[in-house]
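Okay, so here's the structure we're looking at.
The values are calculated or read from the model by the stated rules, or taken from the named source; none is laboratory data. Quantities reported herein were computed from a predicted structural model and do not represent experimental measurements. Here the Cβ positions follow ideal geometry from the backbone for every residue, glycine too, while neighbour counts run over all protein chains shown. Surface accessibility is based on the protein's heavy atoms, side chains included, excluding ligands, DNA and RNA. Shrake-Rupley method; radii C 1.70, N 1.55, O 1.52, S 1.80 Å.
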Amino acid sequence: MTDTDGNRKVIRRALRDLSAGRDHHDTPTPEALKGPLVDSYGRRIRNMRISVTDKCNFRCVYCMPAEGLAWLPRADILTFEEMARLTRIAASIGIEQVRLTGGEPLVRRDLPALVQMLRAIPGLKSLSLTTNGVALPKLARPLAEAGLTRINVSLDSLERERFAQLTRRDALEQVLAGLRALEDCPTIRPIKINAVAMRGFTEAEVVDFARFARRTGYVVRWIEFMPLDADQIWRKEDILTGGEIRSIIEGEFGPLVPITSADKSETARRYTFADGVGEVGFINPVSEPFCGQCDRIRLTAEGQLRTCLFAHIETDFRALLRSDASDAEIELALRQAVWHKELKHYIGDKRFHRTARSMSMIGG
Ligand code: SAM
Ligand code: SF4
């Protein structure tokens, strides 16, 4: 068997694997093989999250075990060139937004170089980053200079001890310094803060975070806790819904004023305060699932494409990228994978099964 035969086999296997065990087994329509990326439910896919590493320097209780996870060997992780090639192909058929994530994306060496490579890809309208912020004092400026324009910083507490309790790292001051470093980079706007909402922890600082949003101009959003934690501590009772957090804020500040967004796939319910100062948002994947409008796919650090956070099936794009598959063949594999995107996540339903991966291994 020649090398090429081996590569063809990889490509054929990847395409065949796609049809096994999905919500349904239809093959893409001729239109879906030509036009913009679309799934079998008619959802137009515009957004790709790329995990650049599985490693992290925090150990957030809702994500990672205290001792960390077994990190992937370096050779298993996609190179910047492989990520850029796949992004170029994806952008040529309709991916418009890319978000870099992880693990902690800023622990990947030379991340600004990847930002610069991706910025140059035609068709990409937005390139953003989700980070725990601890390396921003050093990296905010290089990222801005490389062309990053949007950022989400995860921050669950404004109190040093509570922050350390949740992240298992005494690093609040560094994250706040990172946010100040972003203020000196006006091309990265808005600055968004994400907090995971967990009953029994989050309530205590909801009002403080609302004040923080009003004082700083950062957009503060709460995201409902999802069953994606490595320690499997998630229980339905631990979810603090966006609705409950909104009530706490309204109890202090009076009725919030909805902000309507032109973007139909926007996951956050956005609000401002009666005086128009400050913005807060609620991402409610559990209490108000938005699967019907989901326009996302995710690429793990080792190049597995997931069409849902809770997917049980992945497509091995690393094998394709490291084979002699042409761009056209990779495009076809992408269309096929997207076509089979899951209908919904089923959290709270008896059909729900946890995925083998936790959030940091997927790329949140
Ligand atoms: N390390 C970076 C960070 O924390 O921002 C990027 C990766 S992290 C996995 C991406 C996002 O997922 C973060 O905003 C984090 O708060 C969120 N996240 C992690 N575990 C979660 C869970 N079980 N439920 C909901 N959100 C979660
Ligand atoms: Fe690391 Fe982000 Fe997971 Fe926290 S949420 S452990 S910062 S990957």
*Scan (1) open to solvent by 30 Å² or more (accessible area, probe 1.4 Å); (2) away from ligand 2 (no atom under 16 Å from the Cβ); (3) touching a helix residue (DSSP H, G or I) at 6+ places or on another chain (Cβ under 8 Å) for the single condition residue 87 breaks and write down its number.*
(1)
*Taking the range 34-68 as the region of interest, how many residues are within 16 Å of ligand 2 (Cβ to nearest atom), open to solvent by less than 40 Å² (accessible area, probe 1.4 Å) and either in contact with a Lys or Arg (Cβ under 6 Å, 6 or more places away or on another chain) or not in a loop (DSSP other than H, G, I, E, B) (or both)?*
7
*For the range 95-124, how many residues are over 27 Å from residue 64 (Cα atoms), buried (at least 18 other Cβ atoms within 10 Å of the Cβ) and small (Gly, Ala, Ser)?*
0
_Members of the range 190-225 that are within 16 Å of ligand 2 (Cβ to nearest atom) and of a type in the set (Ser, Thr, Tyr)_ = 202
*Keeping to the range 321-364, report how many residues are more than 23 Å from the chain's Cα centre (by Cα) and either surrounded by fewer than 16 Cβ atoms within 10 Å (Cβ to Cβ) or closer than 29 Å to residue 104 by Cβ (or both).*
8
*Please note which helices (runs of 4 or more DSSP H) are completely contained in the range 306-364 and include at least 1 residues that are within 16 Å of ligand 2 (Cβ to nearest atom).*
359-362
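Restricting to strands (runs of 3 or more DSSP E) lying wholly in the range 166-277: which have 2 or more residues that are crowded, with 16+ Cβ neighbours inside 10 Å?
191-197, 219-224, 268-272
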_Residues (hydrophobic (A, V, I, L, M, F, W, C), over 24 Å from residue 134 (Cβ atoms) and within 16 Å of the chain's Cα centre (by Cα)) located in the range 74-124_ = 95
_Which condition from (1) over 17 Å from residue 193 (Cβ atoms); (2) in contact with a Phe, Trp or Tyr (Cβ under 8 Å, 6 or more places away or on another chain) is the one that residue 289 breaks?_
(2)
*Could you check, for the range 289-309, whether at least one of its residues is surrounded by fewer than 22 Cβ atoms within 10 Å (Cβ to Cβ) and hydroxyl-bearing (Ser, Thr, Tyr)?*
no
_When you check residue 133 against the structure, is it within 14 Å of ligand 1 (Cβ to nearest atom), assigned to a helix (DSSP H, G or I) and either modelled with pLDDT of 95 or more or open to solvent by less than 10 Å² (accessible area, probe 1.4 Å) (or both), yes or no?_
no
